[in-house]
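Q: Before I ask anything, let me first share the structure, which is written out below as structure tokens.
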Amino acid sequence: MTKSEFRYAHHPEDVKKYTTEDLRREFLINDLFNEDQINVVYSMYDRMIVGGAMPVKSALKLEPTDDLKAENFLDRRELGIINVGAAGKVTVDGEVFELGNKEALYIGKGAKDVVFENGNEGQTLFYFNSAPAHHTFPTKKITKNEAEIVELGEAKYANRRTINKLIVNSVLETCQLQMGMTELHEGSVWNTMPSHTHTRRMEAYFYFDLEEGQAVSHFLGQPNETRHIFMKNNEAVLSPEWSIHSGVGTSNYTFIWGMAGENMDYGDMDAVKTNELK
Ligand SMILES: O=C(O)C(=O)C[C@H](O)C(=O)CO
Ligand SMILES: [Zn+2]
């Protein structure tokens, strides 16, 4: 079964007036994993789809939602999946890809049958992002060994982190989707500081591996007009092109970032000086 939700894009002047409840309704995605269900949010930010699949008793087929008006989910889209649970498998038009924890799969436009299945080692959880695509690039599994790795931050600023660029154009070709995973080192709690915007691309963050009872305060908004959303484990948040996307946790965590838009230049960011944030 697939459950789908639609989200509009927003003007930053409107978002200034949003209450906590408004911000959470519009940007937070807090219901990604339900037993034997696929949940998707179709966002008007670069038509990015954010989703989660939790196969328990049965295999789950990725079905097109009404918003797609297509025969198959990937008729005009590409898909990036990262397994944030125990080992599981994804079958793409009959080809089986075993995905361990923190392993990724890119699926090119035109694949017809995408099926998610649990493994035998515990509960698998597939987090995914999908963006419109105009060309078919090969479907490929990507492990951390194949990722482009960047070490960032400093312990004295509590932001030491390893950026695993998994689905980026230095690793494989995609139309516009980029995805990766940033692991905070023990004792570090701040991500994406100094923060940035990139009007050329939207972004979605998905926080996981956060201890029970802990939270991440995610910051969004224009650099001179920021807001925050408190987030729990396994929740995602949409970041408009004009918004910063940074967070601080009450403990250590990992997060997945996914982007779509005008370019695929990871380094194309408009940095914001930390002491100029408002
Ligand atoms: O920790 C970080 O810094 C990030 O992971 C940054 C994201 O990858 C990002 O915002 C890319 O635009
Ligand atoms: Zn960014």
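The values are calculated or read from the model by the stated rules, or taken from the named source; none is laboratory data. Treat the numbers as computed from the prediction; the structure is a model and nothing was measured. With ideal geometry, Cβ positions are generated from the backbone for all residues, glycine too; neighbour counts draw on all protein chains shown. In case anyone asks, the SASA skips ligands and DNA or RNA and just uses the protein heavy atoms, side chains included. Shrake-Rupley method; radii C 1.70, N 1.55, O 1.52, S 1.80 Å.
Every residue, every condition in (1) touching a Leu at 6+ places or on another chain (Cβ under 7 Å); (2) within 14 Å of ligand 1 (Cβ to nearest atom); (3) of a type outside the set (A, V, I, L, M), yes or no:
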site	(1), (2), (3)
Gly153	no, yes, yes
Lys156	no, no, yes
Met181	yes, yes, no
Asn191	yes, yes, yes
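Q: Just to verify a result, which residue in segment 7-41, among those that are in contact with a Ser or Thr (Cβ under 8 Å, 6 or more places away or on another chain) and open to solvent by 30 Å² or more (accessible area, probe 1.4 Å), is farthest from Val216 (Cα to Cα)?
A: Restricting to residues being in contact with a Ser or Thr (Cβ under 8 Å, 6 or more places away or on another chain) and open to solvent by 30 Å² or more (accessible area, probe 1.4 Å), the top hit is Asp36.
Q: Being farther than 22 Å from Asn275 by Cα, at pLDDT below 95 and more than 14 Å from ligand 2 (Cβ to nearest atom) narrows it down to one residue among Asn252, Asn169; which is it? Explain how you work it out, then say what you get.
A: Numbers: Asn169 fails: at pLDDT below 95.
Only one candidate passes the filter, namely Asn252.
Q: Here is a follow-up. Just the residues that are closer than 18 Å to Gln178 by Cα and hydrophobic (A, V, I, L, M, F, W, C), please, taken from segment 259-278.
A: We begin by selecting, within segment 259-278, every residue closer than 18 Å to Gln178 by Cα; these are 259-270.
Within segment 259-278, Met259, Ala260, Met264, Met269 qualify.
Q: Which residue pairs have Cβ atoms under 9 Å apart, sit 6 or more places apart or on different chains, and have a first residue in segment 188-200 that is within 11 Å of ligand 2 (Cβ to nearest atom) and a second that is part of a loop (DSSP other than H, G, I, E, B) and polar (S, T, N, Q)?
A: Asn191/Asn159; Thr192/Asn159; Thr197/Ser243; His198/Asn263; Arg200/Asn263
Q: Pull up segment 203-216, narrow it to residues that are outside any loop (DSSP other than H, G, I, E, B) and out of contact with any Leu (no Cβ under 7 Å at 6 or more places or on another chain), then point me to the one that is surrounded by the fewest Cβ atoms within 10 Å (Cβ to Cβ).
A: Going through segment 203-216, the residues outside any loop (DSSP other than H, G, I, E, B) turn out to be 203-208, 216.
After this cut, where a residue has to be out of contact with any Leu (no Cβ under 7 Å at 6 or more places or on another chain) as well, the list is 203, 205-208.
Details: Glu203: 25, Tyr205: 25, Phe206: 25, Tyr207: 22, Phe208: 20.
Ranking the candidates gives Phe208 first.
Q: Can you list the strands (runs of 3 or more DSSP E) found entirely within segment 118-186 that contain at least 1 residues being among the polar types (S, T, N, Q) and either closer than 18 Å to Asn101 by Cα or open to solvent by less than 20 Å² (accessible area, probe 1.4 Å) (or both)?
A: Numbers: elements: 126-132, 140-142, 148-152, 161-167, 178-184.
Hits in segment 118-186: 126-132, 161-167, 178-184.
Q: Okay, moving on. Looking at Asp93, Asp67, Asp31, Asp22, which is the one that is closer than 30 Å to Thr226 by Cα, at pLDDT 95 or above and not aromatic (Phe, Trp, Tyr)? Walk me through how you get there before you give the answer.
A: Working: Asp93 fails: closer than 30 Å to Thr226 by Cα; Asp67 fails: closer than 30 Å to Thr226 by Cα; Asp31 fails: at pLDDT 95 or above.
Of the residues listed, the single one that is closer than 30 Å to Thr226 by Cα, at pLDDT 95 or above and not aromatic (Phe, Trp, Tyr) is Asp22.
Q: Looking at segment 238-268, which of its residues are of a type in the set (Val, Ile, Thr), surrounded by fewer than 22 Cβ atoms within 10 Å (Cβ to Cβ) and in a strand (DSSP E or B)?
A: Once the filter is applied, which keeps residues that are of a type in the set (Val, Ile, Thr), surrounded by fewer than 22 Cβ atoms within 10 Å (Cβ to Cβ) and in a strand (DSSP E or B), segment 238-268 yields Val248, Thr254.
Q: Based on this model, can you work out whether Thr199 counts as in a loop (DSSP other than H, G, I, E, B) and within 24 Å of Arg7 (Cα to Cα)?
A: Answer is yes for this residue.
Q: Then there is this: Does Gly221 count as on the phi > 0 side of the Ramachandran plot and open to solvent by less than 10 Å² (accessible area, probe 1.4 Å)?
A: Working: on the phi > 0 side of the Ramachandran plot: yes; open to solvent by less than 10 Å² (accessible area, probe 1.4 Å): yes.
Criteria met by Gly221.
Q: Is it the case, given these coordinates, that Glu235 is buried (at least 16 other Cβ atoms within 10 Å of the Cβ), more than 9 Å from ligand 1 (Cβ to nearest atom) and among the acidic types (Asp, Glu)?
A: Values: buried (at least 16 other Cβ atoms within 10 Å of the Cβ): yes; more than 9 Å from ligand 1 (Cβ to nearest atom): yes; among the acidic types (Asp, Glu): yes.
Judged against the criteria, Glu235 is a match.
Q: Now for a different question. Please go through segment 60-92 and pick out each residue that is crowded, with 20+ Cβ neighbours inside 10 Å and free of Cβ contacts under 8 Å to residues at least 40 places away in the same chain.
A: Hits for segment 60-92 are Leu68, Gly88, Val90.
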